[in-house]
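Colleague: Quick one: structure below, then a few questions.
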Amino acid sequence: MDIVNKLKQSIVVWLIKGVQKFGQHRVRILGNTFEISDKVFNPKYYYTSKFMAKHLTVTPEDVVLDMGTGSGVQAITAGKIAAKVVAVDINPAAVEYARKNVIANNLEYTVSVVEGDLFSPLDEKPLFDVILFTPPYLEGQPRSDFDHALFDPDKALLKKFFKEAKSRLKPDGYVQMLYSSIADHQQALAIATKQGWKHKLVTQEKTFSELFLIYKLTLN
Ligand SMILES: C[S@@+](CC[C@H](N)C(=O)[O-])C[C@H]1O[C@@H](n2cnc3c(N)ncnc32)[C@H](O)[C@@H]1O
């Protein structure tokens with residue numbers, strides 16, 4: 001990683017950790033309310049959550065997986081439209097609050113939340129029409145449950161995700177993933193390409209610190 005991105009990543013970690021501690025714990029995103037604790041990725045202050053939620057293209061027929069749900073923001077936004085949503089997170093606090101938020105948004109018949117590492121807590125069926133993925137992408141070692149929201153050392157999680165996601169999509173299904181220029185998005189795409197995925201840029205937006213990019217990835 002070059003020195004500029006290394007510096008930007010350190011600033012982003014510092015900012016996010018501050019916001020987790022001192023930011024509001026009851027926030028609104030696109031008309032939905034989310035309650036979180038300081039151990040759950042706050043969807044309000046760091047732009048990625050809202051940016052991804054704004055660009056969901058799920059349809060009423062879709063069965064959706066929200067991988068790494070955090071507060072449940074993508075699952076709940078998708079759940080207002082889709083037929084069914086399953087949300088997964090490795091952080092027990094995220095699972096607890098995502099479940100609370102699903103109930104607070106009256107979506108308990110549409111959205112279910114499970115705890116575990118990537119696809120491990122899921123049955124082999126059903127297959128999904130859409131998998132939403134807002135992964136951690138900073139370099140560093142996770143040292144707490146919350147740190148899983150930030151760090152993916154050597155993109156190990158990304159590699160595992162693209163390997164395992166292959167057998168979880170319906171034939172015309174797709175992955176929608178958010179990534180950032182400060183974490184070498186080209187390398188992230190190369191990992192997916194190596195595993196047989198094709199990608200298309202859906203949209204991108206530049207903020208003061210980084211360029212956020214949303215991709216659609218397919219196997220066909
Ligand atoms: C950047 S946060 C995004 C949270 C949420 N999707 C949003 O848009 O605000 C990444 C989330 O992925 C979760 N995560 C990290 N590694 C995971 C894994 N191996 N399995 C499941 N979830 C994971 C983290 O705990 C965190 O909640």
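The values are calculated or read from the model by the stated rules, or taken from the named source; none is laboratory data. Given the structure is predicted, the values throughout are model-derived calculations rather than measurements. Cβ: placed from backbone, ideal geometry, glycine included. Neighbour counts: every protein chain shown. Remember, those area values only see protein heavy atoms, side chains included, never the ligands or the DNA or RNA. Shrake-Rupley method; radii C 1.70, N 1.55, O 1.52, S 1.80 Å.
Colleague: With (1) buried (at least 21 other Cβ atoms within 10 Å of the Cβ); (2) farther than 23 Å from VAL85 by Cβ; (3) touching a Lys or Arg at 6+ places or on another chain (Cβ under 9 Å) as the list, and GLN176 as the residue in question, which single condition is left unmet?
Modeller: (2)
Colleague: If the Cβ limit is 9 Å and pairs must be 6+ apart or interchain, which residue in region 79-97 that is under 11 Å from PHE128 (Cβ atoms) pairs with which residue that is at pLDDT below 95 and surrounded by fewer than 21 Cβ atoms within 10 Å (Cβ to Cβ)?
Modeller: LYS84/PRO126; VAL86/PRO126
Colleague: Another question, if that's okay. Would you point out which residue out of ASP66, ASP2 is at pLDDT below 95 and among the acidic types (Asp, Glu)?
Modeller: Unique residue meeting the criteria: ASP2.
Colleague: Scan region 88-144 for residues that are modelled with pLDDT under 95, within 12 Å of the ligand (Cβ to nearest atom) and either open to solvent by 30 Å² or more (accessible area, probe 1.4 Å) or farther than 27 Å from LEU189 by Cβ (or both) and jot them down.
Modeller: Hits for region 88-144 are PRO142, SER144.
Colleague: A further question on this structure: What pairs come up if the first residue lies in region 111-135 and is among the charged types (D, E, K, R), the second is within 12 Å of the ligand (Cβ to nearest atom), and their beta carbons are under 7 Å apart, counting only those six or more places apart or on different chains?
Modeller: That search, which allows pairs on different chains as well, returns GLU115/ASP89; GLU115/PRO92; GLU115/VAL95; GLU115/PRO121; ASP117/ILE90.
Colleague: Would it be correct to say that GLN74 is modelled with pLDDT under 95 and either within 20 Å of PHE128 (Cα to Cα) or part of a loop (DSSP other than H, G, I, E, B) (or both)? So that I can check it myself, show each step before the final result.
Modeller: Working: modelled with pLDDT under 95: no; either within 20 Å of PHE128 (Cα to Cα) or part of a loop (DSSP other than H, G, I, E, B) (or both): yes.
It is false that GLN74 is modelled with pLDDT under 95 and either within 20 Å of PHE128 (Cα to Cα) or part of a loop (DSSP other than H, G, I, E, B) (or both).
Colleague: Does ILE11 satisfy being in contact (Cβ under 8 Å) with a residue 12 or more places away in the chain, open to solvent by 30 Å² or more (accessible area, probe 1.4 Å) and in contact with a helix residue (DSSP H, G or I) (Cβ under 7 Å, 6 or more places away or on another chain)?
Modeller: On the way: in contact (Cβ under 8 Å) with a residue 12 or more places away in the chain: yes; open to solvent by 30 Å² or more (accessible area, probe 1.4 Å): yes; in contact with a helix residue (DSSP H, G or I) (Cβ under 7 Å, 6 or more places away or on another chain): no.
No.
Colleague: Among what's in region 43-58 and is without any contact (Cβ under 8 Å) to a residue 40 or more places away in the chain and more than 10 Å from the ligand (Cβ to nearest atom), pick the residue that is farthest from VAL12 (Cα to Cα).
Modeller: Across region 43-58, the extreme among qualifying residues is LYS54.
Colleague: On the given criteria, is PRO171 within 15 Å of the ligand (Cβ to nearest atom), surrounded by fewer than 19 Cβ atoms within 10 Å (Cβ to Cβ) and not hydrophobic (A, V, I, L, M, F, W, C)?
Modeller: No, not satisfied.
Colleague: Since ILE191 meets every condition but one in (1) more than 14 Å from PHE119 (Cβ to Cβ); (2) out of contact with any helix residue (DSSP H, G or I) (no Cβ under 9 Å at 6 or more places or on another chain), which condition does it not meet?
Modeller: (2)
Colleague: Restricting attention to strands (runs of 3 or more DSSP E) lying wholly within region 106-220, give those where 2 or more residues are basic (Lys, Arg).
Modeller: 198-206
Colleague: Can you tell me which residue in region 18-45 is most open to solvent (accessible area, probe 1.4 Å), limited to those that are over 18 Å from the mean Cα position of the chain (by Cα) and closer than 23 Å to LEU138 by Cα?
Modeller: PHE22
Colleague: Something else now. Filter region 14-68 for residues that are assigned to a helix (DSSP H, G or I), in contact with a Lys or Arg (Cβ under 9 Å, 6 or more places away or on another chain) and hydrophobic (A, V, I, L, M, F, W, C) and give the result.
Modeller: VAL19
Colleague: Looking only at region 81-127, which residues are among the β-branched types (Val, Ile, Thr) and under 19 Å from GLY31 (Cβ atoms)?
Modeller: ILE81, VAL85, VAL102, ILE103, THR110, VAL111
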